[in-house]
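Beneath this line is the structure, given in structure tokens, with notes to follow.
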There are 2 protein chains.
Amino acid sequence: MLTHFKLTIEYDGTDFHGWQIQPDQPTIQDEIQKILSSMTQDNIIIHGSGRTDAGVHALGQVAHFACDTRISAERFQVALNLMLPKGIVIRECRKVSSSFHARFSARSKTYRYRILNTQIPCAVGRQYVWHIHRPLNIRAMQEAAGHLIGEKDFKSFEGTGSPRASTVRRIHRADFTEKDGLVTFEINGTGFLKFMVRNIVGTMVEVGLGQRSPDDFQKALLAMNRKAAGITAPPQGLFLLQVDYEPH
Amino acid sequence: MLTHFKLTIEYDGTDFHGWQIQPDQPTIQDEIQKILSSMTQDNIIIHGSGRTDAGVHALGQVAHFACDTRISAERFQVALNLMLPKGIVIRECRKVSSSFHARFSARSKTYRYRILNTQIPCAVGRQYVWHIHRPLNIRAMQEAAGHLIGEKDFKSFEGTGSPRASTVRRIHRADFTEKDGLVTFEINGTGFLKFMVRNIVGTMVEVGLGQRSPDDFQKALLAMNRKAAGITAPPQGLFLLQVDYEPH
């Protein structure tokens, strides 16, 4: 009799080669699976809501797994948090119905990207920001962000190497805030292509530096061509904040 | 003709064996001295406002050095920030008069200690907090903190191994604040003994956990005996925030 569990996971991507299991590289999926497999004496596979790239962080990644066990959700959480590397924390573990799927049941995801826009970089917390020393025009970047809202084809912002059948996604909100030189971008939508947030942020930074206009940002989006967009923002500023589901 | 410079330094203590130069260990003093010596073709010694222990961070450590050079303060700052490890940043470099001494001219110092008081630890930013999962009584800790204010003998909170001629110091303020489970303690005073802030925080945590009363904290202080006080808080929650000087 299989029991289904949902995990909500925080991780510091600094020390990992991303979410997905890879030969000979530490990944978040692998670290969690190893412990679950050892606890249950079974070969456990966990399914994430999606991959995150090497160096990208998460405050609320979600994964599920199923196994024939009497171990409680609470016990899994306590044991995982004792045994996992300190860069991975299980924020919640709960039983869910067999219909729950971390990826396919997701309604929307929220990402956060942090830019430190000060003349001098920081030492404390440098693992969690992209430092840009030239002043950014946040108003222009916010104007560009407006062009993302709605159902659009985001082919221009898709990383190479993993083409999807459809590159259409719906973005619900995309907002910049700024406080004491820390520029925070949050974007919520139905789903995201590979490198999509980092390519959007990189292109928006070109807007913020005056190298592109907000209109040019829109043209890059409409071109449906990766070459029309700008650079890829580095991974360490990016956080998978939250994955939303129907009540379950 | 010697020119005198003041450095204001931020560092992430995680990767260093403290401020002070040591054989075969990376220290902040050593990293900065190496670059300054190479730039000036001279044997530069920098003098900090005081040591910080291995793993302790700083947002505003201050140091000074003197050398016979035509290199400008701005040039020193730019070159240092290019060549230093990413965990050390020079926030400011300026010329000062020959009477300025980072340690002896200091009027007061401010330290911050960060405690994450939540059931589940964090992964992101774990290098910068002491995680305590049992709930702390902040009100009792603040009451204990009140006993620190004024000119007192802090012998009970002095680490072993470096006795000072006098263990009397004046504390101007010592306050706890709490937000979303993050407990922040800030303490300002004329000077601090070795391990003093960490021993104070460790003993206060015993108050917060109900293992000591605020009155018992005061008794520990008055005992002038290290054994009367509590545990030493771990280094990674501690930040040297600021060193204050007379206008110079």
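The values are calculated or read from the model by the stated rules, or taken from the named source; none is laboratory data. Keep in mind that this is a model prediction, so the values were computed, not measured. All Cβ positions, even for glycine, are placed from backbone atoms using ideal geometry, and neighbour counts span all protein chains on display.
The single condition among (1) within 14 Å of chain B (Cβ to nearest Cβ); (2) without any contact (Cβ under 8 Å) to a residue 60 or more places away in the chain that A:Pro23 does not meet is (1).
Restricting attention to the range A:127-179, the residues being modelled with pLDDT under 95 and over 21 Å from A:Lys227 (Cβ atoms) number 1.
Report, by residue number, each residue of the range A:230-248 that is crowded, with 19+ Cβ neighbours inside 10 Å, in contact with an Asp or Glu (Cβ under 9 Å, 6 or more places away or on another chain) and aliphatic (A, V, I, L, M). Matches in the range A:230-248: A:Leu238 only.
For A:Ile44, are the conditions met, namely being more than 15 Å from the chain's Cα centre (by Cα), among the β-branched types (Val, Ile, Thr) and in a loop (DSSP other than H, G, I, E, B)?
On the way: more than 15 Å from the chain's Cα centre (by Cα): yes; among the β-branched types (Val, Ile, Thr): yes; in a loop (DSSP other than H, G, I, E, B): yes.
The answer is yes for A:Ile44.
Which ones in the range B:38-55 are farther than 15 Å from B:Ile21 by Cα and not charged (D, E, K, R)? Once the filter is applied, which keeps residues that are farther than 15 Å from B:Ile21 by Cα and not charged (D, E, K, R), the range B:38-55 yields B:Ser38, B:Met39, B:Thr40, B:Gln41.
What residue, of B:Gln41, B:Gln61, is among the polar types (S, T, N, Q) and within 11 Å of chain A (Cβ to nearest Cβ)? Before the answer, list the steps.
Values: B:Gln41 fails: within 11 Å of chain A (Cβ to nearest Cβ).
Sole residue among the options that is among the polar types (S, T, N, Q) and within 11 Å of chain A (Cβ to nearest Cβ): B:Gln61.
Of all residues in the range B:99-155, those being among the charged types (D, E, K, R) and within 30 Å of A:Arg91 (Cβ to Cβ) number 5.
Within the range A:79-100, track down each residue that is farther than 23 Å from A:Phe239 by Cβ and either among the aromatic types (Phe, Trp, Tyr) or in contact with a Phe, Trp or Tyr (Cβ under 9 Å, 6 or more places away or on another chain) (or both). Working first, answer last.
The first filter runs over the range A:79-100 and keeps only residues farther than 23 Å from A:Phe239 by Cβ, leaving A:79, A:82-83, A:95-100.
Answer for the range A:79-100, where residues must be farther than 23 Å from A:Phe239 by Cβ and either among the aromatic types (Phe, Trp, Tyr) or in contact with a Phe, Trp or Tyr (Cβ under 9 Å, 6 or more places away or on another chain) (or both): A:Lys95, A:Val96, A:Phe100.
Mind listing whichever residues of the range A:156-190 are without any contact (Cβ under 8 Å) to a residue 12 or more places away in the chain and either touching a His at 6+ places or on another chain (Cβ under 7 Å) or in a loop (DSSP other than H, G, I, E, B) (or both)? Result: A:Pro163, A:Ala165, A:Ser166, A:Asp180.
For the range B:77-90, the criterion of being within 11 Å of chain A (Cβ to nearest Cβ) and touching a Gly at 6+ places or on another chain (Cβ under 9 Å) is met by at least one residue. In the range A:191-229, the residue that is surrounded by the fewest Cβ atoms within 10 Å (Cβ to Cβ) out of those that are outside any helix (DSSP H, G or I) and hydrophobic (A, V, I, L, M, F, W, C) is A:Ala223.
A:Gly191 meets all of the listed conditions (1) of a type in the set (Gly, Ala, Ser); (2) in contact with a helix residue (DSSP H, G or I) (Cβ under 8 Å, 6 or more places away or on another chain); (3) closer than 29 Å to A:Gln61 by Cα but one, namely (2).
Have a look at B:Tyr113, B:Tyr128 and point out the one that is within 19 Å of the chain's Cα centre (by Cα), over 21 Å from B:Leu209 (Cβ atoms) and not aliphatic (A, V, I, L, M). Step through it out loud before you land on a result.
On the way: B:Tyr113 fails: over 21 Å from B:Leu209 (Cβ atoms).
Exactly one of B:Tyr113, B:Tyr128 is within 19 Å of the chain's Cα centre (by Cα), over 21 Å from B:Leu209 (Cβ atoms) and not aliphatic (A, V, I, L, M), namely B:Tyr128.
Taken over the range B:184-238, the criterion of being within 14 Å of the chain's Cα centre (by Cα), within 23 Å of B:Arg139 (Cβ to Cβ) and of a type in the set (Ser, Thr, Tyr) is satisfied by no residue.
Within the range B:156-177, how many residues turn out to be buried (at least 16 other Cβ atoms within 10 Å of the Cβ) and out of contact with any Phe, Trp or Tyr (no Cβ under 6 Å at 6 or more places or on another chain)?
Here is the first cut: in the range B:156-177, the ones buried (at least 16 other Cβ atoms within 10 Å of the Cβ) are B:156-158, B:167, B:169, B:171, B:174, B:176.
Within this subset, residues satisfying the condition of being out of contact with any Phe, Trp or Tyr (no Cβ under 6 Å at 6 or more places or on another chain) are B:156-158, B:171, B:174.
Qualifying residue count, the range B:156-177: 5.
Taken as a whole, the condition of being more than 14 Å from chain A (Cβ to nearest Cβ), surrounded by 19 or more Cβ atoms within 10 Å (Cβ to Cβ) and of a type outside the set (A, V, I, L, M, F, W, C) applies to B:Gly18.
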